[in-house]
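All remarks here apply to the structure that follows.
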Amino acid sequence: MFKKLTAGSVKLVERLLPDAFIFCIILTIVVFILAMPLTGQGPMAMIQHWGNGVWGLLAFSMQMALVAVLGNAFATAPAIKRGIIRLAAIPKTPTSAIVMVTAISTVCCWLNWGFGLIVGAILAKEVARRRNDTDYRLLIASAYSGFVVWHAGLSASIPLDLAAGAASYKAKVGDALEFMTSYGTTNGDVEGIIDISRTVLAPWNIIVCLAILVIMSLVNAKMHPEKDKVFVVDPKLLAEEDTYVPPQKGKRTPAQAMENSPILTYIMVAIGVIYLCYQFFVKHKSLDLNTVNLIFLLLGLAFHVTPIRYVQAIGEGAKGAAGVILQFPFYAGIQGMMVGVSASTGLTLAGVISNALVSISTTVSFPIWAFISAGIVNFFVPSGGSQWAVQGPIIMPAGLRLGVTPEISAMAVAWGDAWTNMAQPFWALPALGVAKLSARDIMGYCIIDLIVSGIIIIIGFLVVGLTGIGALPV
């Protein structure tokens with residue numbers, strides 16, 4: 001029965017899901033049509049909102065592109081790739097192969113989403129190259145399924161934004177900072193700061209992540225098709241050779257000697273490490289997205305040893321960011337329409353969606369409805385930071401009015417943002433670039449993962465509500 005459900009999902013997606021860019025255009029049209037009657041705006045107003053939003057995410061686009069590129073560069077370092085090859089030799093059956101790929105991808109995505117996506121895809125390719133009895137599409141889907149935990153992990157933009165404190169949060173949601181400041185002050189915290197110990201590293205969040213890791217691994221393995229329906233690829237098509245040949249030491253020009261000098265690498269890495277130590281141990285800076293990127297920049301440089309090899313790795317990684325570069329302006333335009341304020345009604349489409357679900361909430365059910373609303377909004381604004389700017393000013397004050405702590409409200413948005421990525425092909429693009437597949441090849445499996453992970457997360461928030469973990473102190 002389960003395999004029939006999976007097969008039906010795969011066939012349906014293969015028939016109906018267009019290329020990720022076409023999907024983006026369709027979403028643009030859907031938002032354009034929906035926003036007019038729901039917010040009381042005309043076509044020209046929506047066009048203006050779209051145009052004003054197109055270039056509104058340039059800084060964030062660069063951050064996200066760097067996460068993908070730097071994660072790819074680190075994952076393809078020779079020492080890391082050798083580790084991946086050794087891992088790929090461990091599984092002896094299709095079931096163990098799928099479980100291993102899912103588990104490793106989930107852990108790596110929790111550490112850093114870009115790193116996890118690329119490592120998972122590279123590991124899946126290596127497993128497929130070694131085994132002709134394991135479905136290649138399911139391997140890549142399993143690698144991508146770990147992405148569902150990214151916004152509950154160490155590279156999560158919403159928790160890191162909260163940890164950055166008042167200045168960062170105010171830049172996103174303006175006057176809504178007032179409730180954060182008052183809440184933080186009453187708990188003896190620095191104004192506006194919610195440390196990651198209360199979000200990403202909170203026990204309840206870790207438990208949900210572990211549940212997803214275990215259950216999703218088993219579900220993915222259960223989805224493996226029968227032997228006569230396994231999709232395999234010629235191993236020769238998956239092989240990638242390192243074409244870099246360093247010049248011989250005695251024949252190097254001065255320029256080539258500098259390009260292949262580990263000394264220059266070590267100097268830059270040392271400068272970066274000293275800076276990070278100063279930020280963490282002297283200034284007590286919390287982990288944010290820029291810091292995560294810097295860490296992976298230094299790790300990639302160190303593991304590639306010479307500057308020129310790292311230059312080449314970055315060049316290869318940039319290919320996987322092509323979809324991000326193309327589609328982000330269009331998603332920024334969608335965001336512009338989602339948050340565009342009607343001059344006559346003062347409404348926005350994102351606000352209408354969020355308020356509709358918040359209005360039926362109680363203290364216990366609020367995190368669940370906030371999670372669902374964030375999942376819906378994520379289809380149209382597939383960026384954690386941008387979604388936070390859209391929903392933060394609505395969800396956070398509403399949660400406080402119902403007696404829900406800001407960290408729980410924030411994590412509800414974060415989990416919702418990550419959850420529907422299982423049905424939104426945008427963030428699969430880097431992994432698909434590595435795998436040389438299209439979104440329709442894996443999304444049928446990902447729909448099943450969407451359902452399973454959604455149930456797990458909702459149960460987690462239900463427990464949080466019923467046990468009082470998410471309740472404000474009286």
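May I ask for the angle, rounded to the nearest 10°, between helix 43-53 and the longest principal axis of the chain, with both axes built from Cα atoms and the value confined to 0 to 90°?
With rounding to tens, the tilt is 50 degrees.
Just to check I understand the Karplus step: with θ = phi - 60° and J = 6.51 cos²θ - 1.76 cosθ + 1.60, what whole-Hz values come out for the range 300-306, glycine and proline as x?
Listing the rounded values in order: x, 4, 5, 6, 7, 6, 9 Hz.
Taking amide H positions as placed 1.01 Å from N in the peptide plane, with prolines and chain starts having none, which residues 5 or more places from Ala471, or on another chain, fall under 5 Å of its amide H?
Here Thr405 satisfy the definition.
For His284, tell me the accessible area in Å² from a 1.4 Å probe, rounded to the nearest 10.
The accessible area comes out at roughly 140 Å².
Might you work out the accessible area of Ser361 for me, using a 1.4 Å probe with all protein chains in place, and round it to the nearest 10 Å²?
20 Å²
Out of the total accessible area of the chain (probe 1.4 Å, heavy atoms of protein only), what percent is carbon and sulfur?
With neighbouring chains kept in place, the figure for the chain is 69 percent.
What accessible area per residue, rounded to a whole number of Å², is obtained for the range 1-89 using a probe radius of 1.4 Å?
Roughly 54 Å² per residue, with all protein chains present.
Work out from phi, with θ = phi - 60° and the Karplus expression 6.51 cos²θ - 1.76 cosθ + 1.60, the ³J(HN,Hα) of each residue of the range 4-15, listed in order in whole Hz, and give x for Gly and Pro.
Residue by residue, the range 4-15 yields 5, 4, 5, 4, x, 5, 4, 5, 4, 5, 4, 7 Hz.
Treating the angle as unsigned and between 0 and 90°, give the value, to the nearest 10°, between the Cα long axis of helix 113-130 and the longest Cα principal axis of the chain.
Tilt relative to the chain: about 40 degrees.
Find the Rg to Rh ratio for the range 64-160, where Rh is the Kirkwood radius over alpha-carbon pairs and Rg uses the same atoms. The partial results should precede the final answer.
Details: Rg = 12.9 Å, Rh = 13.2 Å.
Using Cα coordinates only, the ratio equals 0.98.
Want the number for Trp204 to Thr362: 0.36 nm per residue separation, take away the alpha-carbon distance, what's left?
Additional length available on full extension: 54.9 nm.
When the helices in the chain are scored as -39500 (n - 2.57) per DSSP H run of 4 or longer and the sum is shared across all residues, what 222 nm value do you end up with, to the nearest 500 deg cm²/dmol?
-22500 deg cm²/dmol
According to the square roots a ≥ b ≥ c of the eigenvalues of the Cα gyration tensor, what is the shape class of the range 6-138, taking rounded for a/c under 1.5, prolate for a/b larger than b/c otherwise, and oblate for the remainder?
Taking the square roots of the gyration eigenvalues as a ≥ b ≥ c, the range 6-138 is oblate.
Using Cα pairs under 8 angstrom and six or more residues apart, how large is the relative contact order of the chain, in percent?
The normalised contact order for the chain reaches 27 percent.
Once phi is turned into ³J(HN,Hα) by the Karplus curve 6.51 cos²θ - 1.76 cosθ + 1.60 with θ = phi - 60°, what whole-Hz value does each residue of the range 327-334 show in order, with x for glycine and proline?
Along the range 327-334, the couplings run 8, 4, x, 6, 5, 5, x, 4 Hz.
Find how much the distance from Leu16 to Phe281 grows on full extension, using 0.36 nm per residue of separation minus their present alpha carbon separation; answer in nm with one decimal.
Values: separation 265, 0.36 × 265 = 95.40 nm, distance 5.23 nm.
Gain on extension, Leu16 to Phe281, equals 90.2 nm.
Place +1 on the Cβ of every Lys and Arg and -1 on the Cβ of every Asp and Glu in the range 268-424, take the dipole about the Cα centre, and give the residue among Leu349, Met268, Gln335 whose Cα lies farthest towards its positive end.
Checked the options; the winner is Met268.
Do any of Lys4/Lys92; Lys92/Lys227; Lys4/Lys229; Lys227/Lys436; Lys81/Lys285; Lys92/Lys436 go past 21 Å between their Cα atoms, and which?
Details: Lys4/Lys92 25 Å; Lys92/Lys227 15 Å; Lys4/Lys229 12 Å; Lys227/Lys436 23 Å; Lys81/Lys285 32 Å; Lys92/Lys436 25 Å.
Check vs 21 Å cut-off fails for Lys4/Lys92; Lys227/Lys436; Lys81/Lys285; Lys92/Lys436.
Against the longest alpha carbon principal axis of the chain, how many degrees, from 0 to 90 and to the nearest 10, is the axis of helix 366-378 turned?
60 degrees
Can you figure out the FRET efficiency of Met44 with Tyr266, using R₀ = 60 Å and their beta-carbon distance, to the nearest 0.05?
Efficiency computed from Cβ-Cβ geometry: 0.55.
Report the relative contact order of the range 248-379, percent, no decimals, based on alpha-carbon pairs under 8 angstrom and at least 6 residues apart.
Once divided by the residue count of the range 248-379, the mean separation gives 18 percent.
The values are calculated or read from the model by the stated rules, or taken from the named source; none is laboratory data. A quick note: this is a predicted structure, and the numbers were derived from the prediction, not measured. Note that each Cβ is placed from the backbone with ideal geometry, even for glycine, and that neighbours are counted across all protein chains shown. The accessibility values were calculated without ligands, DNA or RNA, using every heavy atom of the protein model including side chains. Shrake-Rupley method; radii C 1.70, N 1.55, O 1.52, S 1.80 Å.
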